[in-house]
Amino acid sequence: MERVKTGIPGLDEILDGGLPKGTNVLITGGTGTGKSIFCSQFLYKGVEDYNQNGVFVTLEERAEDLRREMLKFGWDFAKYEKENRLGIIDGTSTKLRKRTVKEKYSLIGLDIDALIIEINRICREINAERVVIDSIPSLGLNLDSEKEIRRSVYRLATLLLEIGVTSFVTTETLGEGFSRYGVEEFVSRGVIKLDIVEKENKFVRTIYVRKMRETNFTMEKYPFGIESDGIKIYTRGEVF
Ligand SMILES: Nc1ncnc2c1ncn2[C@@H]1O[C@H](COP(=O)(O)OP(=O)(O)OP(=O)(O)O)[C@@H](O)[C@H]1O
Ligand SMILES: [Mg+2]
């Protein structure tokens, strides 16, 4: 089985060497738990360290905000975008009902079928092997129709498997549970949960793998930090 290195220190160890190639993983957690940074690191390090091109679909924050935030970690998305090794699809302007003209890739309308066609097209153009979709709740799915939610989430997950990329898709949790809609975890081949927990009057960031098909992962919850060069998982009892 071919394994894909995540680019997140500590995670490959937990995952018995890395992610199964071509899998799709749900990255879930409450607000501010580090989901977007986690996904960005996976994508950026994919290009920088493993020569795997990537596509980031940002539905929550504008591409320009994402670029600026990630530059703080030394990740220069724009540099790789110019080289056609990274693509950012900006889906945020759909809420304004107009295309973000300054972006090379953007979406008009958040129709799930149109989104799937665009992701497919741009993945081919960039020759992407990694994809991030951030986030499912930002797709603006019709909350009254459970059937529609299931169908949309399922179609998205299936497309990612079909095009053969290794992908991270984010969702959010409100308290317990693994997802916003209660369906995302079932259509994903893996689930990783990020959290912020209280420990002796302090808050600690934690991570654990809940599910990863074809993988003998450790059944442990680890602390992690967001450091100047990105996320680091403390797998060896490091002081934090
Ligand atoms: N340069 C940095 N150094 C250290 N910590 C940072 C840095 N930048 C952001 N953070 C921390 O990361 C948190 C946000 O991470 P991120 O945006 O990935 O979370 P998220 O789970 O995607 O949140 P959201 O619910 O807003 O989507 C911030 O609240 C901040 O505490
Ligand atoms: Mg986020």
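What follows draws every value from the coordinates through simple rules; no lab data is involved. Remember, it's a predicted structure, so these values are computed and weren't measured experimentally. So basically every Cβ, Gly included, is an ideal-geometry build from the backbone, and we count neighbours across all protein chains shown.
For this structure, a couple of remarks:
- Yes/no for R189 being crowded, with 23+ Cβ neighbours inside 10 Å, touching a residue at least 24 places away in the same chain (Cβ under 8 Å) and closer than 25 Å to G17 by Cβ: no
- Evaluating G34 against the criteria (1) farther than 25 Å from N120 by Cβ; (2) within 15 Å of ligand 1 (Cβ to nearest atom); (3) without any contact (Cβ under 8 Å) to a residue 60 or more places away in the chain; (4) of a type outside the set (A, V, I, L, M, F, W, C) leaves one unmet condition, (3).
- Enumeration of residues in the stretch 18-52 that are part of a loop (DSSP other than H, G, I, E, B) and either within 20 Å of T215 (Cα to Cα) or touching a Leu at 6+ places or on another chain (Cβ under 7 Å) (or both): G18, K21, G22, T23, T33, G34
- Checked against (1) over 24 Å from V197 (Cα atoms); (2) within 13 Å of ligand 1 (Cβ to nearest atom); (3) out of contact with any Cys (no Cβ under 8 Å at 6 or more places or on another chain); (4) not in a loop (DSSP other than H, G, I, E, B), F56 passes all but a single condition, namely (3).
- Test: residue in the stretch 39-61 that is within 16 Å of ligand 2 (Cβ to nearest atom) and of a type in the set (D, E): yes
- Wholly within the stretch 91-205, helices (runs of 4 or more DSSP H) carrying at least 1 residues that are among the acidic types (D, E) and over 24 Å from L11 (Cβ atoms): 112-126, 146-163
- Qualifying residue in the stretch 4-11 (condition: small (G, A, S), within 16 Å of ligand 1 (Cβ to nearest atom) and either in a loop (DSSP other than H, G, I, E, B) or buried (at least 20 other Cβ atoms within 10 Å of the Cβ) (or both)): yes
- Residues (charged (D, E, K, R), part of a strand (DSSP E or B) and over 16 Å from the mean Cα position of the chain (by Cα)) located in the stretch 211-231: E227
- Filter result (of a type in the set (F, W, Y) and away from ligand 1 (no atom under 15 Å from the Cβ)) within the stretch 181-233: Y181, F186, Y208, F217, Y222
- F56 meets each of the listed conditions (1) surrounded by fewer than 23 Cβ atoms within 10 Å (Cβ to Cβ); (2) under 14 Å from the mean Cα position of the chain (by Cα); (3) under 24 Å from T173 (Cα atoms) apart from (1).
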